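A.B. asks: If you scroll down you'll find the structure; I have some questions about it.
The values are calculated or read from the model by the stated rules, or taken from the named source; none is laboratory data. Everything quoted here is computed from the prediction, not taken from an experiment. Quick reminder, even Gly has a Cβ in these numbers, built from the backbone with ideal geometry, and neighbours come from all protein chains shown. All accessible areas refer to the heavy atoms of the entire protein, side chains included, with ligands and DNA or RNA removed. Shrake-Rupley method; radii C 1.70, N 1.55, O 1.52, S 1.80 Å.
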Amino acid sequence: MNVTWVHHLPTGAEKGTILTLDLGGTNLRVCTVTLHGNAADTTSPAQNYSLEQKQYKLPSSIKTDTADALWTHIADKLATFIANKNLDKTYNDANKMPLGFTFSYPATQERIDHAVLQRWTKGFDIAGVEDHDVAAQLRNKIAQRNLPLDLICVINDTVGAMVASAYNDPATIVGGIFGTGCNAAYMSSVSSIAKLNPDDSRLKDRDGNVTGQMAINCEYGAFDNAHRVLPRTKYDVQIDEESPRVGQQTFEKLSAGLYLGEIYRLVLLELAERGLIFKNTDAGYEKLRERYCIDTGFLSQVEDDESERFAKTRRLFKETLGLDVVEEEIELSRRVAELVAVRGARLCACGVAAICLKEGIEEGHVAADGSVANKHPKFKKRWAGALGEILDWEAKGKEQDPIIITSAEDGSGVGCAIIAAMEIERRQKHTQT
Ligand code: BGC
């Protein structure tokens, strides 16, 4: 669990124009976000910010390249965006544009504009970044390229999701990402954060007491790396052993989008190798041997198929894997898809339940983002069912779910901009006092 130096949720009044950079698992996104705050003429939440963005697909080679290649690529995209949007007409060396960076990997922070990468996750394996401050590496590249940007904050996507959602929805209690990776953030009282030094003057109020709150990035994807709690199947073990960071992200490898399709593939492959399925296909099942050739979208479509005699699933197997499947194979593949996805959704509920139990949270909104939450047809229902079981809602006579999953507002764009705006305001107040 990492401290983030985000001291409070937004009031909704935050204002400013910020450039945001989001390094996700597959894309790089650059946005200009203008926060309008509680402008008098704001009648709907969608109006309290405006955003212009550009998404660039990350070349897959970059995930295993060098640090310099990564930062050069990022600086190129920032430079292109700045030029295309004419931002260099407004901003220069003397008047730099504030920049917020959403870096969705585990990082320890001594300040909000500092973040030491603990380890790459989600299949990334770029040399020379782990154990280094990514803020410093990005800042160096920005300076080399002479870009008119001032890096204000580095944030995690979960914190961004929580803050962006809280800007419009005060019932937000947690920001969760259920996508390529999995993780969540919540607000904790500073006095209960054992990792912080109570003598740190930044944590004290005027009377010298440690008060206030701070957002915690749980990084629960790394839960049970010691393999003491969660039962793992041989498929889980194989995925871990073939991953670039063996022994890391145990919880994530059982539940996140990057891995669900791969677990499913390994189950089907074993059944095929044992001569139990795909016996009658002329072309054989060679394609099924290709690692990560099945994504979570495949699983979603199999489970969601209501077409006559599962024609859609049949087509999907043919197009993706070159396999002609028979009725029994479809039935079996639907059942396996369900098992893999149900386990994933129920584990995701455990992560949020742990936060609620720890903090005594009994109601509120879990602002969720990510491909599994948004695209898997049954994820939300399964997640809610499991959360209710753990928190014992039935026994407590709750007629309606007191904690519900909501769709997060754009965390890595808007959330990051709000956090940058809050930080700028905090610094201004600090220099005034
Ligand atoms: C990372 C987290 C991130 C999550 C969702 C995980 O792999 O460690 O920092 O929040 O993915 O993107």
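A.B. asks: Can you find a residue that is within 13 Å of the ligand (Cβ to nearest atom) and either open to solvent by 40 Å² or more (accessible area, probe 1.4 Å) or part of a loop (DSSP other than H, G, I, E, B) (or both) anywhere in the stretch 91-105?
C.D. replies: yes
A.B. asks: Among the residues of the stretch 400-408, are any within 14 Å of the chain's Cα centre (by Cα) and part of a helix (DSSP H, G or I)?
C.D. replies: Taking the stretch 400-408 first, the residues within 14 Å of the chain's Cα centre (by Cα) are 407-408.
Then keep just the ones that are part of a helix (DSSP H, G or I); that gives none.
Looking for residues that are within 14 Å of the chain's Cα centre (by Cα) and part of a helix (DSSP H, G or I), one finds none in the stretch 400-408, hence no.
A.B. asks: I'd like to check something: does the stretch 240-250 contain any residue that is at pLDDT below 95 and on the phi > 0 side of the Ramachandran plot?
C.D. replies: Scanning the stretch 240-250 turns up no residue that is at pLDDT below 95 and on the phi > 0 side of the Ramachandran plot.
A.B. asks: Which of the residues belonging to the stretch 49-88 are in contact with a Leu (Cβ under 7 Å, 6 or more places away or on another chain) and over 21 Å from ARG145 (Cα atoms)?
C.D. replies: Within the stretch 49-88, just TYR49 meets the criteria.
A.B. asks: For the stretch 188-201, enumerate the residues that are in contact (Cβ under 8 Å) with a residue 40 or more places away in the chain and open to solvent by 50 Å² or more (accessible area, probe 1.4 Å).
C.D. replies: Listed by number, the list holds a single entry, LYS195.
A.B. asks: Considering only the stretch 86-100, I want to know if a residue exists there that is of a type in the set (A, V, I, L, M, F, W, C) and under 19 Å from the mean Cα position of the chain (by Cα).
C.D. replies: Looking only at the stretch 86-100, we keep the residues that are of a type in the set (A, V, I, L, M, F, W, C), and these are 87, 94, 97, 99.
Narrowing further to those that are under 19 Å from the mean Cα position of the chain (by Cα): none.
Looking through the stretch 86-100, none of the residues is of a type in the set (A, V, I, L, M, F, W, C) and under 19 Å from the mean Cα position of the chain (by Cα).
A.B. asks: Checking LEU387 against (1) in contact (Cβ under 8 Å) with a residue 60 or more places away in the chain; (2) over 19 Å from the mean Cα position of the chain (by Cα); (3) open to solvent by less than 20 Å² (accessible area, probe 1.4 Å), which single condition isn't satisfied?
C.D. replies: Unmet condition: (1).
A.B. asks: Return yes or no: is ARG228 modelled with pLDDT of 95 or more, over 30 Å from SER50 (Cα atoms), open to solvent by 20 Å² or more (accessible area, probe 1.4 Å) and away from the ligand (no atom under 16 Å from the Cβ)? Give the steps one after another, and end with the answer.
C.D. replies: Numbers: modelled with pLDDT of 95 or more: yes; over 30 Å from SER50 (Cα atoms): yes; open to solvent by 20 Å² or more (accessible area, probe 1.4 Å): yes; away from the ligand (no atom under 16 Å from the Cβ): yes.
Yes.
A.B. asks: What is the one condition in (1) open to solvent by less than 10 Å² (accessible area, probe 1.4 Å); (2) among the hydrophobic types (A, V, I, L, M, F, W, C); (3) under 20 Å from ALA67 (Cβ atoms); (4) within 15 Å of the ligand (Cβ to nearest atom) that VAL116 does not satisfy?
C.D. replies: Failed condition: (1).
A.B. asks: Count, please, the residues in the stretch 246-274 that happen to be within 16 Å of the ligand (Cβ to nearest atom), touching a residue at least 40 places away in the same chain (Cβ under 8 Å) and either open to solvent by less than 10 Å² (accessible area, probe 1.4 Å) or touching a helix residue (DSSP H, G or I) at 6+ places or on another chain (Cβ under 6 Å) (or both).
C.D. replies: Residues flagged as within 16 Å of the ligand (Cβ to nearest atom), touching a residue at least 40 places away in the same chain (Cβ under 8 Å) and either open to solvent by less than 10 Å² (accessible area, probe 1.4 Å) or touching a helix residue (DSSP H, G or I) at 6+ places or on another chain (Cβ under 6 Å) (or both) within the stretch 246-274 amount to 8.
A.B. asks: Step by step: first the residues of the stretch 280-294, then only those that are over 23 Å from ASP236 (Cβ atoms) and open to solvent by 90 Å² or more (accessible area, probe 1.4 Å), then the one that is nearest to the chain's Cα centre (by Cα). Which residue is that?
C.D. replies: Just the residues of the stretch 280-294 that are over 23 Å from ASP236 (Cβ atoms), to begin with: 280-284, 286.
Still in the running and open to solvent by 90 Å² or more (accessible area, probe 1.4 Å): 280, 282, 286.
Values: ASN280: 41, ASP282: 41, GLU286: 33 Å.
Among those that are over 23 Å from ASP236 (Cβ atoms) and open to solvent by 90 Å² or more (accessible area, probe 1.4 Å), it is GLU286.
A.B. asks: Return the residues of the stretch 146-168 that are farther than 23 Å from THR121 by Cα and touching a Ser or Thr at 6+ places or on another chain (Cβ under 7 Å); say none if nothing qualifies.
C.D. replies: SER165, ALA166
A.B. asks: With a cut-off of at least 1 residues that are more than 16 Å from the ligand (Cβ to nearest atom), of a type in the set (A, V, I, L, M) and under 30 Å from THR296 (Cα atoms), name the strands (runs of 3 or more DSSP E) lying wholly within the stretch 123-224.
C.D. replies: Values: elements: 149-155, 172-178, 182-189, 213-217.
Ranges flagged: 172-178.
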